[in-house]
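See structure below.
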Ligand code: IVH
């Protein structure tokens, strides 16, 4: 065998196996080998092709990168027009859509729930629901299994030929292979799908562009489109674009949309694993609500869901209205930003006396919930935004965080808006307010301020502090307003009869509240210290204090210098602890706790483990066996630290079910991610 024939055989094998690994990793989401191993296969192929250039074929995995810049894009006429969707925004819109579908089919709209269900099943074949990706649509044409042309949507009839750019995208197969005996590679195949950019890539590329002083993009979609619709495939390749295929245009005898997805997957296209067949509009709504809530967890942007009649024959029969098929809609998420008006700015007083200005808004729907308040943080933020009472503003919320005012629409002012100033006196107790030098916050320094006490009790009963189930802010408000409690120790002196006199309390609920309070008479020392609400003392510091001193008495007897010496406790924190224990009011508070029988457990010394000492842990997602609090306590007992944010310094991320963005960040930073089971093994 000549060298050349040997090389040819090797090249064929390499191509086949690279394609197989790519398929397992990208399409099945079940990698068989590591990516670096895949890369070294590609390197070998690349080297062979360099040596024998006539072995290079256009479908070779090495041809994804590179290529010569084109002078301009050719036009490409789509075999069938590329349509778009009509949008829906609510349950009612979806019901109207359903009714239109039924009527167009010349049937009376089924009245009962069960009649609608069987109509959907038997006539429509159910609904196929998909995530609506926020990228750009492309069409791919394969001849005898080889990618021949890739084009953009253009005006729907004629698009741009961007084949060379699309070839750089790994998720776009250059060559089709039949991985299931059910489907053969057809001689001609037209497929459509979305090209998009992950959120991580978007941030990375924008940062690079910014550093180079170039224009940055507003969102991943624009950047994805910009990367495809430019002439240098090298640039496209650097952008690491991704793709999901979502429809087969060629008639291969597919009867349902669901089957199209099976075909796509079998031929080597990456399809979205969350797409599925559902049986009725209720399930459609469930799918939409789920993804509206969890969209942050996806690595890519979606702006709604796509709902399609699953039976292809009916789909065709329903026809096209304008540029949209009647048998499908894009059911959009509600906007994550909305405009509204600031009706007022009020001030709330927190547990440490900090005054927080809060905007009272005309209620608006944002991301599925009604928002009527937005935090303004502090006076500096108000000045930065330039917000006045009466202003029109843009309000937004990312994920589950408290809504924020993003921007003031000054051009919409009428002249009647009023400037807001932080009050000189506490809105609750009337005492003077101070803004300590170097701080952004205004504070009420009256230890007896009812607002501070109220917040302090909220904190005391909270989950991370004493954890009294069934005793929350609403009940604390009732008890304070009735004059039954003034501070936390009063809780332990409450009698069932006291509660029975209050609104909404019956025998059982009163017993439950009393029971919940009394079940927490011997908390761990660390929890108790945290529950006291000392400024700057979070869970971690509370634990360090408990470990170091073993009792409250010892902490209270320690000098400021002594506290400053403790590792991990800075000067500001030490001063705050020292002052708290010196304060007469607080000393009385501790005496009262003792009198009512609240005695924290002294700190138990467990044998620390070398696996934990000095190691930093972050928890994300739901745990099954341990509670989050127990897991945190265990880590600390064994000598580790618990943090709430993932950074390069994090040693382990413990990921439970439905992990959040911390999980993604851990992967990005290459931080070790372990399951709850693995964690349990570690603490054994
Ligand atoms: S199917 C009638 N499936 O939405 C169009 N499109 O408004 C049939 N899109 O141009 C396309 N995710 O860019 C389909 N799962 C999905 C989609 C999707 C996003 C985009 C696509 C299209 C636009 C139509």
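The values are calculated or read from the model by the stated rules, or taken from the named source; none is laboratory data. Just so you know, these numbers come straight off a predicted model, no measurement behind them. Positions of Cβ are backbone-derived with ideal geometry, glycine not excepted, and every protein chain shown enters the neighbour counts.
Tabulated values for the structure
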quantity	calculated
Answer from 397, 435, 413 - the residue that is more than 18 Å from residue 355 (Cα to Cα) and touching a strand residue (DSSP E or B) at 6+ places or on another chain (Cβ under 6 Å)	397
Test: residue 226 is more than 24 Å from the chain's Cα centre (by Cα), assigned to a helix (DSSP H, G or I) and within 16 Å of the ligand (Cβ to nearest atom)	yes
Condition met for residue 175 (out of contact with any helix residue (DSSP H, G or I) (no Cβ under 9 Å at 6 or more places or on another chain), closer than 16 Å to residue 264 by Cα and in contact (Cβ under 8 Å) with a residue 24 or more places away in the chain)	no
Residues of segment 312-353 classified as crowded, with 17+ Cβ neighbours inside 10 Å and within 16 Å of the ligand (Cβ to nearest atom), total	13
Residue 255 being away from the ligand (no atom under 16 Å from the Cβ), at negative phi, without any contact (Cβ under 8 Å) to a residue 24 or more places away in the chain and surrounded by fewer than 15 Cβ atoms within 10 Å (Cβ to Cβ)	no
Spans of strands (runs of 3 or more DSSP E) in segment 121-190 with at least 3 residues within 16 Å of the ligand (Cβ to nearest atom) and buried (at least 20 other Cβ atoms within 10 Å of the Cβ)	127-133, 136-143, 146-152
Qualifying residue in segment 283-290 (condition: at pLDDT 95 or above, away from the ligand (no atom under 13 Å from the Cβ), within 26 Å of the chain's Cα centre (by Cα) and not in a helix (DSSP H, G or I))	no
Enumeration of residues in segment 229-248 that are part of a loop (DSSP other than H, G, I, E, B), surrounded by 17 or more Cβ atoms within 10 Å (Cβ to Cβ) and within 16 Å of the ligand (Cβ to nearest atom)	241
Residue under evaluation residue 412, criteria (1) over 29 Å from the mean Cα position of the chain (by Cα); (2) modelled with pLDDT under 95; (3) over 29 Å from residue 334 (Cα atoms), criterion not met	(3)
Output for segment 208-222, where each listed residue is away from the ligand (no atom under 15 Å from the Cβ) and either under 21 Å from the mean Cα position of the chain (by Cα) or assigned to a loop (DSSP other than H, G, I, E, B) (or both)	212, 213, 214, 215, 216, 217, 218
Single condition residue 101 does not satisfy, out of (1) within 16 Å of the ligand (Cβ to nearest atom); (2) touching a helix residue (DSSP H, G or I) at 6+ places or on another chain (Cβ under 7 Å); (3) without any contact (Cβ under 8 Å) to a residue 24 or more places away in the chain	(3)
Entirely in segment 590-681, the strands (runs of 3 or more DSSP E) that have 2 or more residues that are touching a helix residue (DSSP H, G or I) at 6+ places or on another chain (Cβ under 7 Å) and over 30 Å from residue 580 (Cα atoms)	616-620, 652-655
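Listed here are the residues, each with its yes/no results for (1) under 30 Å from residue 374 (Cβ atoms); (2) in a helix (DSSP H, G or I); (3) touching a helix residue (DSSP H, G or I) at 6+ places or on another chain (Cβ under 6 Å).
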residue: 262; (1), (2), (3): no, yes, no
residue: 266; (1), (2), (3): no, yes, no
residue: 305; (1), (2), (3): yes, no, yes
residue: 346; (1), (2), (3): yes, no, no
